[in-house]
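Notes follow the structure.
The values are calculated or read from the model by the stated rules, or taken from the named source; none is laboratory data. Remember, it's a predicted structure, so these values are computed and weren't measured experimentally. For neighbour counting, all protein chains shown are included, and Cβ atoms are generated from backbone atoms with ideal geometry for every residue, glycine included. Accessible surface areas use protein heavy atoms only, side chains included; no ligands, DNA or RNA. Shrake-Rupley method; radii C 1.70, N 1.55, O 1.52, S 1.80 Å.
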Amino acid sequence: MNCNLVEKNKNCFLNSPFPKLENYCLIKKIFKKFSVSGIPYMLILFETVNGYALIKKKADEKGIQDLHLHAFLNFHTKKESINSTSRIIQGKMDKNLKKFLKNNLIPGIPLIVNDSKIKTAIVRNSGLLFPKIFLKKGVYREIRSNLEQILGKNFKPENTSRILNIAHSVYGYKIKLNGSKMDKAIIYTTRLLEEIEKELNCYYIRLKEWYSWHFPELAGIVTDKIVYTKVVSKMESRKKLKLVDLSNLIEKETEKEIIEAAETSLGVDIFPEDLVCILSLCTQIISLNNFKLTLQSYLKSRMYHVAPNLTALIGGKLGGQIISHAGSLLNLAKSPASSIQIFGAEKALFRAMKMRTKTPKYGIIFNSTFVASSEINFKGKISRILSGKIALAARIDALGEFKYGGSIGLKNKFKIEKKLEQIRSFFKKKSIFS
């Protein structure tokens, strides 16, 4: 059986739109006969920045390996080289590579490739063209060391800047794709918000302790920490209080109360050096609060973009905390409702299991309005219902083709509210009859 017969049958099989089973079986038999262990040479697919090369690997009588260029496909543009490289990284076969292999194959001769992804792609798209496709990385060392000698005229010294450009283009595109999910941005923003809130609380405590030496009554009248900070930064000391207008910060009644308290205050006079430090601390607190508000608005908009159903159900802040705890939106979608219910209460759960006491019924989701506003008797029931709806919303947002603009999240929110009313009415009836 000669090579002309193989070529004839191969063309018959490839050119027919609906190849017969007889042709397929015949080609398989021919390829099987030619794919025995004593093959005189093989074809090696080698990828460079400049193009694809098919190299013949021969073995002479003495068994010394000899490498010769069989065919070369040149990349004409930078775009072509980037597209082909990205396709290979993704484990897909380029159209140009498919044509190149089809036009330059030798019947009955196997192919050697360097990567398992390329092997899978070639087997899927052009598997019948070659009797066998091997994965051998050791041969490529010899090719790289004698590349100039093998390629001849087609050899071009690999420009470092061109390689860098291609690498940056390919992996920059991958980073952009990964960034479109914005899971990581939500996690970073949530964690940063938590840290800022801790810092604000710490700074406010220090400010209150420091300023209370001068005006201790103010902390009892103005309870809000940001308003307290703004009042301190505006009035500076008790002596200047009558000259300052605080109507844009507090109500008139509260302002009168502060003036009356300042006249009979037990505080000592403040030194100018202390006042400078206190005012700079006030500036820090106000700027941190402004940054916190900016982050909150950013988180809300990003959550509506990434997980609209989850945001509609429990809000942007709590949704961000749950995603942050899970690690990503996809991890949250994979988590069962029972795990979501006790997110943030893992230590308490293991302690309860160890001590054989009652396990916790809720974790982070306690901050939800549904759980926080409900009575103690049915907090566990509401948290169980809510965790189920969170799991459903997360799966739609992460895995669904359409997110429906958060409408499913809103529907589930109304269902929970209705259920909450039913439970309350049931417990009221139960208490009346009992």
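Limited to the range 105-122, what total is found for residues that are out of contact with any Phe, Trp or Tyr (no Cβ under 9 Å at 6 or more places or on another chain) and open to solvent by 20 Å² or more (accessible area, probe 1.4 Å)? Counting residues in the range 105-122 that are out of contact with any Phe, Trp or Tyr (no Cβ under 9 Å at 6 or more places or on another chain) and open to solvent by 20 Å² or more (accessible area, probe 1.4 Å) gives 4.
Number of residues in the range 127-160 that are assigned to a helix (DSSP H, G or I) and either open to solvent by 70 Å² or more (accessible area, probe 1.4 Å) or at pLDDT below 70 (or both) equals 10.
Taken together, the residues in the range 361-407 that are over 22 Å from K334 (Cβ atoms) and of a type outside the set (G, A, S) amount to 13.
Inside the range 292-342, can you point out the residues that are touching an Asp or Glu at 6+ places or on another chain (Cβ under 6 Å) and of a type in the set (S, T, Y)?
Keep residues of the range 292-342 that are touching an Asp or Glu at 6+ places or on another chain (Cβ under 6 Å), which gives 307, 309-310, 328-329.
The one that is touching an Asp or Glu at 6+ places or on another chain (Cβ under 6 Å) and of a type in the set (S, T, Y): S328.
The condition of being under 30 Å from A326 (Cβ atoms), in contact (Cβ under 8 Å) with a residue 24 or more places away in the chain and open to solvent by 30 Å² or more (accessible area, probe 1.4 Å) holds for only one of E199, E195, E217, E236, that being E199.
Inspect all residues belonging to the range 167-179 and state whether any of them is surrounded by 14 or more Cβ atoms within 10 Å (Cβ to Cβ), modelled with pLDDT under 85 and under 30 Å from N50 (Cβ atoms). Reasoning before the result, please.
Restricting attention to the range 167-179, the residues satisfying the condition of being surrounded by 14 or more Cβ atoms within 10 Å (Cβ to Cβ) are 169-170.
Right, trim to modelled with pLDDT under 85 and you get 169-170.
Then drop every residue that is not under 30 Å from N50 (Cβ atoms), which leaves 169-170.
Yes; the residues of the range 167-179 include at least one that is surrounded by 14 or more Cβ atoms within 10 Å (Cβ to Cβ), modelled with pLDDT under 85 and under 30 Å from N50 (Cβ atoms).
The helices (runs of 4 or more DSSP H) found entirely in the range 340-434 that carry 3 or more residues being out of contact with any Pro (no Cβ under 9 Å at 6 or more places or on another chain), modelled with pLDDT under 90 and exposed (fewer than 13 other Cβ atoms within 10 Å of the Cβ) are 407-433. Scanning for something part of a helix (DSSP H, G or I) and either surrounded by 10 or more Cβ atoms within 10 Å (Cβ to Cβ) or more than 52 Å from the chain's Cα centre (by Cα) (or both), does the range 267-274 turn up at least one residue? Yes, the range 267-274 contains at least one residue that is part of a helix (DSSP H, G or I) and either surrounded by 10 or more Cβ atoms within 10 Å (Cβ to Cβ) or more than 52 Å from the chain's Cα centre (by Cα) (or both).
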